[in-house]
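Written below as structure tokens is the structure these notes are about.
The values are calculated or read from the model by the stated rules, or taken from the named source; none is laboratory data. A quick note: this is a predicted structure, and the numbers were derived from the prediction, not measured. Quick reminder, even Gly has a Cβ in these numbers, built from the backbone with ideal geometry, and neighbours come from all protein chains shown. Accessible surface areas use protein heavy atoms only, side chains included; no ligands, DNA or RNA. Shrake-Rupley method; radii C 1.70, N 1.55, O 1.52, S 1.80 Å.
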Amino acid sequence: MNTKANYVLTLSCGDRKGIVAAVANSIASQNCNICESAQYGDAETDRFFMRISFNAPDGMTKEQFEEGFGPVATGYGFDWKVHDLSKKPRVLVLVSQMGHCLNDLLYRNSTGQLPMDLVAVASNHTKYQSRVEHEQIAFHYLPVTKETKTEQEAQIVDLVERENIDLVVLARYMQILSNELCEKLAGKVINIHHSFLPSFIGAKPYHRAHARGVKMVGATAHYVTADLDEGPIIEQDVSRVEHFHSVNELIAQGRDTESQVLARAVRYHLEHRILLNGDRTVIFK
């Protein structure tokens with residue numbers, strides 16, 4: 001029986017010679033086997049980024065590996081973390097009344113395409129309660145008004161803390177998170193929006209895009225920050241629009257693209273493939 005643990009090591013530091021060799025030698029010295037390795041040196045910031053997945057020998061814990069790797073990490077000034085792949089990240093999805101991204105995530109979750117534990121779905125509407133509960137996933141109805149926003153966000157925080165949530169996915173959740181909530185959940189919230197922003201901000205963006213004769217529709221997934229829709233970008237994509245496409249066809253194309261882009265962004269996060277580089281991201285696909 002193979003009881004080897006699988007881990008991912010992510011790190012960043014000031015760029016210098018010898019980093020790759022030092023990391024590989026430390027891993028090998030602990031009798032671990034490297035399965036996948038990727039690195040990138042940013043010449044503009046003089047910053048180095050690395051992701052390594054590896055198998056550890058039977059019985060080795062994450063803490064034991066960290067202890068052995070510590071001297072190298074200290075010597076090179078690594079900002080680093082070891083992730084145990086046997087422990088799937090716990091995920092909360094927030095949704096409002098558009099269910100295309102939610103349905104896509106539910107399907108991918110049910111077929112094992114995403115390495116996550118989808119703990120719950122919360123919404124300010126009950127529209128998808130039966131759909132979620134059909135998948136035997138907890139549904140939380142958290143209604144919100146302008147007057148109750150603070151209390152409703154406190155409920156979200158309580159849910160995140162109570163369920164030990166590692167990642168919150170805004171699957172077309174049509175509420176702007178407060179600065180306080182963004183700061184509290186920094187680095188663990190992913191949002192999806194159409195790529196017309198900022199050209200078509202507001203209601204019915206696809207109708208307005210159709211009226212302008214756009215030639216492509218797209219979507220952007222990013223981490224949420226207090227600056228609305230300006231967090232570090234994780235993934236983007238577009239699809240072509242022809243002159244004969246109707247508004248409804250634009251909407252359908254856009255929603256398909258949104259679903260795919262969000263799913264890829266979530267997978268990159270779950271597999272620890274994203275490293276922050278200031279306001280940008282390094283993605284080891």
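Considering only the stretch 110-118, I want to know if a residue exists there that is among the β-branched types (Val, Ile, Thr), outside any strand (DSSP E or B), at pLDDT 95 or above and within 22 Å of the chain's Cα centre (by Cα). Explain how you work it out, then say what you get.
Here is the first cut: in the stretch 110-118, the residues among the β-branched types (Val, Ile, Thr) are 111.
Among the residues that remain, those that are also outside any strand (DSSP E or B) are: 111.
So of that shortlist, the ones also at pLDDT 95 or above come out as 111.
Among the residues that remain, those that are also within 22 Å of the chain's Cα centre (by Cα) are: 111.
Yes; the residues of the stretch 110-118 include at least one that is among the β-branched types (Val, Ile, Thr), outside any strand (DSSP E or B), at pLDDT 95 or above and within 22 Å of the chain's Cα centre (by Cα).
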Filter the stretch 240-273 for residues that are open to solvent by 30 Å² or more (accessible area, probe 1.4 Å) and in contact with a Ser or Thr (Cβ under 7 Å, 6 or more places away or on another chain); the one that is farthest from Val169 (Cα to Cα) is Gln253
Subset of the stretch 169-193, residues under 19 Å from His269 (Cβ atoms) and among the β-branched types (Val, Ile, Thr), comes to Val169, Val189, Ile190, Ile192
Taking first residues from the stretch 215-228 that are touching a residue at least 40 places away in the same chain (Cβ under 8 Å) and second residues anywhere that are of a type in the set (Lys, Arg) and surrounded by fewer than 20 Cβ atoms within 10 Å (Cβ to Cβ), the pairs with Cβ under 8 Å that are 6 or more apart or on different chains are Ala221/Arg264
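So which residues in the stretch 25-67 are of a type in the set (A, V, I, L, M) and more than 23 Å from the chain's Cα centre (by Cα)? Working first, answer last.
Looking only at the stretch 25-67, we keep the residues that are of a type in the set (A, V, I, L, M), and these are 27-28, 34, 38, 43, 50, 52, 56, 60.
Scanning the stretch 25-67 gives Ile27, Ala28, Ile34, Ala43, Ala56, Met60.
Applying the selection to the stretch 92-105, what residues are of a type in the set (A, V, I, L, M) and surrounded by fewer than 14 Cβ atoms within 10 Å (Cβ to Cβ)? Walk me through how you get there before you give the answer.
Applying the first criterion (of a type in the set (A, V, I, L, M)) to the stretch 92-105 yields 92-95, 98, 102, 105.
Within the stretch 92-105, no residue meets the criteria.
Name the residue that is nearest to the chain's Cα centre (by Cα), counting only residues in the stretch 68-91 that are in a loop (DSSP other than H, G, I, E, B) and crowded, with 18+ Cβ neighbours inside 10 Å.
As a first pass, look at the stretch 68-91 and keep what is in a loop (DSSP other than H, G, I, E, B): 77-78, 85-89.
Going one step further and asking which of them are crowded, with 18+ Cβ neighbours inside 10 Å, we end up with 78, 89.
On the way: Phe78: 23, Pro89: 11 Å.
Looking at the filtered set, the residue picked out is Pro89.
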Considering the stretch 161-184, residues that are of a type in the set (A, V, I, L, M, F, W, C) and over 15 Å from the mean Cα position of the chain (by Cα), and then whichever is farthest from Leu262 (Cα to Cα), we arrive at Leu181
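Out of the residues in the stretch 135-172 meeting the condition of being of a type in the set (Ser, Thr, Tyr) and within 30 Å of Gly254 (Cα to Cα), tell me which one is modelled with the highest pLDDT. Don't jump to the end; show me each part of the working.
Pass one, the stretch 135-172, residues of a type in the set (Ser, Thr, Tyr): 141, 145, 148, 150.
Checking the rest, the ones that are also within 30 Å of Gly254 (Cα to Cα) come to 141, 145.
Details: Tyr141: 98, Thr145: 94.
In this case the residue turns out to be Tyr141.
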Sole miss for His194 among (1) within 26 Å of His272 (Cβ to Cβ); (2) open to solvent by less than 30 Å² (accessible area, probe 1.4 Å) is condition (1)
